Amino acid sequence: MPGQVLVKFRDGTDEGAIETIRRELSLESIKISPEPPLHRMKILDGSSVEEVIERLQGFDEVEYSEPNYIIEFQ
């Protein structure tokens, strides 16, 4: 989905740290999937997906982040 990223935080990351990152990067939590625990987040400030992913990679709490792609088979 345009303007969305998927974020996997490292095990043991507390909700306070996640909230701090979310606020700092102007992200809104849309949904959290249970296994693996992925946070789907919407970018609120108009930053590109690539910019947000690059910034997320700077946080020790983030295991990985990626665009929320839609795959279509032809």
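In the stretch 50-74, of all residues being of a type in the set (Ser, Thr, Tyr) and within 16 Å of residue 9 (Cβ to Cβ), the one that is nearest to the chain's Cα centre (by Cα) corresponds to 65.
Of all residues in the stretch 10-49, none satisfies the criterion of being under 10 Å from the mean Cα position of the chain (by Cα), farther than 18 Å from residue 64 by Cβ and of a type in the set (Ser, Thr, Tyr). Taken over the stretch 40-60, the criterion of being among the charged types (D, E, K, R), under 11 Å from residue 27 (Cα atoms) and in a loop (DSSP other than H, G, I, E, B) is satisfied by 45 alone.
Any chance the stretch 9-20 includes a residue that's hydrophobic (A, V, I, L, M, F, W, C) and not in a strand (DSSP E or B)? Yes: the stretch 9-20 contains one or more residues that are hydrophobic (A, V, I, L, M, F, W, C) and not in a strand (DSSP E or B). If only residues of the stretch 33-59 that are of a type in the set (Asp, Glu) and surrounded by 10 or more Cβ atoms within 10 Å (Cβ to Cβ) are counted, the one that is nearest to residue 18 (Cα to Cα) is 54. For the stretch 19-50, the set of residues classified as modelled with pLDDT under 95 and farther than 21 Å from residue 2 by Cβ consists of 34, 35, 36, 37, listed by residue number.
The values are calculated or read from the model by the stated rules, or taken from the named source; none is laboratory data. From a predicted model like this one, the values you see are computed outputs, not experimental measurements. Glycine also receives a Cβ, built like all others from the backbone with ideal geometry; neighbour counts cover every protein chain displayed.
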